[in-house]
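Undergrad: I have a structure here, written as structure tokens, and I will follow up with some questions on it.
The values are calculated or read from the model by the stated rules, or taken from the named source; none is laboratory data. Predicted model only: the values in this text are computed from it and were never measured. Virtual Cβ from ideal backbone geometry, glycine too; neighbours counted across all protein chains shown.
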Amino acid sequence: MSVRTTKTSITVLITTLALAFMYSAVAQADDTTTTTTTDITKSDSDKPSKSESYLKDIRDTLQLNINKLPVYLNQLTKMSLSWLAPDDSTATATLQNHFTTLANEKLENAQTQTDSQNQFLSAFIPAASKDSADITYQTMLLPLTTPSSASQNNAIFNYTLYASGLNIQHTAPDDIGWRPGRSLILYKNYYYTASAVQTYNGYILSELYANSKNGNKIKKTQDSLVHQANGSDWFTQIASENIGIVLRQILLYNSQTYVVLTQLLDTQQKLLTAQVMNNALLIAVNQESESRLYTKAASLPPD
């Protein structure tokens with residue numbers, strides 16, 4: 001049974017009940033009017049009143065739709081049973097297999113990528129030094145083979161420091177001891193812009209630092225949800241359980257989808273900010289070339 005037919009049945013059923021209510025209300029009003037105006041309308045007794053004409057139309061419509069009520073109720077019953085019936089279609093079963101296979105392959109690739117990091121790290125740094133953990137991204141994913149947990153935390157912090165560029169320090173400009181001039185202004189502009197960009201890099205990578213320090217629990221939970229959402233047990237529930245239970249479970253996943261979309265929006269905003277800061281840093285670095293061009297164009301002596 002189509003959704004359009006079901007909607008028509010429900011609409012007609014509601015219309016019938018509404019007309020029945022209107023019929024009773026108009027009939028009651030008509031009786032009152034007839035009782036109080038008997039003397040006035042005796043001369044027009046042979047002519048049907050407007051209310052009688054309306055009542056006749058309503059009565060005819062009611063009789064027509066009441067005769068169809070069994071058909072509409074039968075259609076509603078079929079719709080309810082179709083919602084409660086299990087889904088054993090071939091198309092649904094094929095989708096289940098594809099989704100489950102896709103999720104398993106994704107999780108398998110992620111595990112293989114993690115397991116292979118030690119091999120890539122050995123190829124990059126053949127002779128492991130005491131600073132190797134501080135400069136390799138694998139430190140954020142794998143625990144170090146050291147007895148001290150403090151060494152692991154220090155390595156995670158140092159890698160975040162190096163990756164963000166916070167280890168590159170700049171000498172603060174001195175307005176008193178340095179000679180005033182265009183060169184001082186150019187250096188101050190570069191110092192302020194570079195410091196702003198580097199501290200923002202540290203803020204962005206601090207989230208990576210927090211995830212790694214806490215054992216990457218977020219990734220493990222996300223992998224569990226992906227496995228559940230594409231598992232055969234989940235699809236079996238969708239195909240066999242009552243539609244009310246399935247709808248509630250889908251709503252739970254929709255709420256999580258909203259959370260993920262919010263996180264994606266936040267990531268896009270951070271990327272946009274980083275791009276703007278990168279442009280600002282390029283402008284700051286290009287100040288020297290701009291100064292030389294300006295000096296030549298204005299025929300000024302070098303500063």
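Undergrad: Right, residue 189: modelled with pLDDT of 90 or more, over 21 Å from residue 270 (Cβ atoms) and part of a loop (DSSP other than H, G, I, E, B) or not?
TA: no
Undergrad: Something else about it: I need the full set of residues from the stretch 173-201 which are surrounded by fewer than 11 Cβ atoms within 10 Å (Cβ to Cβ) and not charged (D, E, K, R), in order please.
TA: If the condition is that a residue be surrounded by fewer than 11 Cβ atoms within 10 Å (Cβ to Cβ) and not charged (D, E, K, R), then 176, 177, 180, 181 are the ones that fit.
Undergrad: Among the residues of the stretch 271-289, are any exposed (fewer than 13 other Cβ atoms within 10 Å of the Cβ), hydroxyl-bearing (Ser, Thr, Tyr), closer than 30 Å to residue 109 by Cα and in the same structural domain as residue 111 (by TED's automatic domain parsing)?
TA: There is no residue in the stretch 271-289 that is exposed (fewer than 13 other Cβ atoms within 10 Å of the Cβ), hydroxyl-bearing (Ser, Thr, Tyr), closer than 30 Å to residue 109 by Cα and in the same structural domain as residue 111 (by TED's automatic domain parsing).
Undergrad: Right, something else. Taking the conditions exactly as written (surrounded by 11 or more Cβ atoms within 10 Å (Cβ to Cβ) and modelled with pLDDT of 80 or more), does residue 106 satisfy them or not?
TA: Answer is yes for this residue.
Undergrad: Just one of the numbered conditions (1) at pLDDT below 90; (2) part of a helix (DSSP H, G or I); (3) not aliphatic (A, V, I, L, M) is not true of residue 179; which one?
TA: (2)
Undergrad: Search the stretch 161-181 for residues that are farther than 20 Å from residue 277 by Cα and pair each with any residue that is at pLDDT below 90 and of a type outside the set (Phe, Trp, Tyr) when their beta-carbon atoms are under 9 Å apart and the residues are at least 6 apart or on different chains.
TA: Taking only residues 6 or more apart or on different chains, the pairs are 173/184; 174/184; 175/184; 178/184; 181/303.
Undergrad: Which pairs have Cβ atoms under 8 Å, sit 6 or more apart or on different chains, and link a residue in the stretch 100-124 that is in the same structural domain as residue 142 (by TED's automatic domain parsing) and within 15 Å of residue 224 (Cα to Cα) to one that is surrounded by 11 or more Cβ atoms within 10 Å (Cβ to Cβ) and among the acidic types (Asp, Glu)?
TA: Going by the 8 Å Cβ cut-off, the qualifying pairs are 107/223; 110/223.
Undergrad: Could you check residue 146 against (1) in a helix (DSSP H, G or I); (2) farther than 30 Å from residue 229 by Cα; (3) modelled with pLDDT under 75 and say which number it fails?
TA: (1)
Undergrad: In the stretch 212-232, is there at least one residue being more than 28 Å from residue 100 (Cβ to Cβ), within 25 Å of the chain's Cα centre (by Cα) and assigned to a helix (DSSP H, G or I)?
TA: There is at least one residue in the stretch 212-232 that is more than 28 Å from residue 100 (Cβ to Cβ), within 25 Å of the chain's Cα centre (by Cα) and assigned to a helix (DSSP H, G or I).
Undergrad: So which residues in the stretch 203-231 are surrounded by fewer than 16 Cβ atoms within 10 Å (Cβ to Cβ), at pLDDT 85 or above and among the small types (Gly, Ala, Ser), if there are any at all?
TA: 206, 210
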